[in-house]
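Below: the structure, in structure tokens.
The values are calculated or read from the model by the stated rules, or taken from the named source; none is laboratory data. Just so you know, these numbers come straight off a predicted model, no measurement behind them. Cβ atoms come from the backbone with ideal geometry, glycine included; neighbour counts cover every protein chain shown. To get the accessible areas, we keep the full protein, side chains included, count just its heavy atoms, and leave off ligands, DNA and RNA. Shrake-Rupley method; radii C 1.70, N 1.55, O 1.52, S 1.80 Å.
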Amino acid sequence: MKINFLLGMVFFLVPFYLSAQENTIDQEVEELNDSISNKGLIEELKYIKQPGLANAASKIYSADRRYSIAGFTEINSVSYLGERNRGDDIELYYTNLYRFGFYFGYKITDRFIFNSEIQGELLHDGFREVGTELNFEWMFDYLFHPSFNVRVGNYPIPVGYTNINEEPIAFYSVNRPETERIILPTQWLETGVMFYGNFLQNQLEYNIGLTKGLDASNMVEGTWIRRGRYHGLEIPRAWAANGKLEYVGNEDIKLGVAGYYGDGSRGEETPSGQSFSPSISLYSVFAGYDWGNFSVFGLAMRGSTSQTDRIFEFDNQVIGEETFGYYGEFRWDLWSVLESNKDWKLPVWVRYERLDTHASVASSFENRAFDRQNLEIISLGANLRPRKNLVFKANYQFRKNLAESIIPEADRVELGIGLIF
């Protein structure tokens with residue numbers, strides 16, 4: 001317990017230290033120029049969101065100087081009301097999470113920009129001592145024109161909503177929606193090239209990308225393509241294409257459609273010597289609307305995998321030929337009924353979510369037992385948001401696995417803190 005508390009304090013206080021250091025540098029420059037007064041520790045965010053990136057990750061693109069320091073942190077705790085399914089992926093069944101992302105950006109020229117992120121996670125699940133994950137995101141952007149720009153590097157695949165908007169202020173639940181953790185494996189980064197921009201008088205934003213493909217031989221039945229991600233730097237032996245079209249003409253309206261299609265073979269053969277070229281596809285659509293103190297949001301996605309019988313040869317994993325997931329969410333700012341401190345927000349929300357990792361399987365697997373996440377989840381929660389970049393979260397999940405399972409899916413109580421800087 002003491003170790004968990006200390007880890008939590010470290011992950012929560014580091015962003016304050018980094019923000020204070022950056023503000024100290026800013027203050028010294030500003031005092032020399034007698035331009036503006038000292039800033040607060042957590043300043044109001046005025047970032048201009050860059051296509052394909054979250055709020056804090058976009059800081060360098062609108063910064064007044066050559067470099068920028070930004071980031072986010074979140075600390076989550078999960079309690080299980082019943083026996084817990086241990087699963088194959090610690091990130092899906094942990095009890096404590098500490099996640100920290102640090103962004104560093106540098107303007108080589110006004111048009112040629114380097115941006116990077118180091119994201120680390122510490123996880124406890126009650127069975128293992130700790131799980132760790134460290135990801136490095138890097139990219140070079142060349143800004144030709146608002147309607148056409150090029151990004152080369154290791155960037156987030158622009159499918160779904162949360163894979164781009166991964167920072168904790170962007171979603172209301174303590175953890176990312178299960179559809180966007182199991183069907184879409186957030187966080188999903190790939191190395192490649194992307195073309196992006198805005199058109200129709202900045203009403204529409206587009207992304208078109210070509211990246212290395214997934215590794216289907218490592219996929220696990222309970223989390224579909226999640227284990228198919230690999231982060232090694234190499235000449236791609238399999239390729240994939242991705243794209244997104246999003247309406248950005250009104251900040252109260254969210255509309256987007258995206259897709260991914262690629263080869264998951266990496267040039268391998270099956271253990272029995274058969275040719276191996278599975279195709280993997282994933283398509284998503286989301287929509288949302290804010291009116292006053294109320295908002296609604298919904299997302300749906302569907303995926304498919306070919307040659308699942310040949311994937312089975314590698315590690316006896318039954319991968320779904322068809323998968324799907326969707327959720328709908330309604331929110332209301334309870335703080336709006338109070339007379340004082342209108343800058344604070346207290347949205348209460350409810351979400352219905354449904355997903356299935358094995359909506360269909362190859363006929364040879366129909367009578368075989370496998371880890372199927374056929375989930376129905378109803379979540380109730382609340383956020384306390386004293387600033388735009390700081391949030392305290394709590395939610396309760398009523399969970400049910402509709403597939404036959406030895407261990408029923410346990411309900412969960414989740415608590416979390418998140419901020420971006």
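The base-10 log of I(q)/I(0) for the chain, evaluated at q = 0.10, 0.11, 0.13 Å⁻¹, reads -0.72, -0.88, -1.25 [Debye formula, identical scatterers on Cα atoms, solvent excluded]. Working note: Debye formula, equal point scatterers on the alpha-carbon atoms of the stretch 371-420, no solvent; log10 I(q)/I(0) at q = 0.18, 0.25, 0.26 Å⁻¹ is -0.65, -0.87, -0.91. From helices alone, the chain scores -3500 deg cm²/dmol at 222 nm; the rule is -39500 (n - 2.57) for each run of n ≥ 4 DSSP H residues, then divide by the residue total. Where does helix 2-33 land angle-wise versus the long Cα axis of the chain, in degrees 0 to 90, nearest 10? Around 40 degrees separate the two axes. Give me the Kirkwood hydrodynamic radius of the stretch 43-172 in Å, from all C-alpha pairs, to one decimal place? Final number for the Kirkwood radius of the stretch 43-172 is 16.4 Å.
Calculated accessible area for the stretch 206-353 comes out at 46 Å² per residue, all protein chains present (probe 1.4 Å; ligands, DNA, RNA ignored). Within the stretch 298-378, what whole-number % of the accessible surface is contributed by carbon and sulfur, with the 1.4 Å probe and all protein chains included in the calculation? Of the solvent-accessible surface of the stretch 298-378, carbon and sulfur hold 50 percent.
For the stretch 156-277, the fraction of 1.4 Å probe accessible surface lying on carbon and sulfur atoms is 55 percent.
Counting Cα-Cα pairs of the stretch 272-331 in 5 Å increments starting at 0 gives whole-percent bin shares of 4, 15, 18, 14, 11, 9, 9, 7, 6, 4, 2, 1, 0.
Given axes a ≥ b ≥ c from the Cα gyration tensor, I'd like to know whether the stretch 165-272 is rounded (a/c under 1.5), prolate (a/b larger than b/c) or oblate. Oblate shape, in that a/c is at least 1.5 and b/c is the bigger or equal ratio. For the stretch 265-421, the residue among PHE276, GLY381, SER364 whose Cα projects farthest onto the positive side of the dipole built from Cβ charges is GLY381. The alpha carbons of the stretch 166-212 stretch over 35, 29, 16 Å along the principal axes, in descending order.
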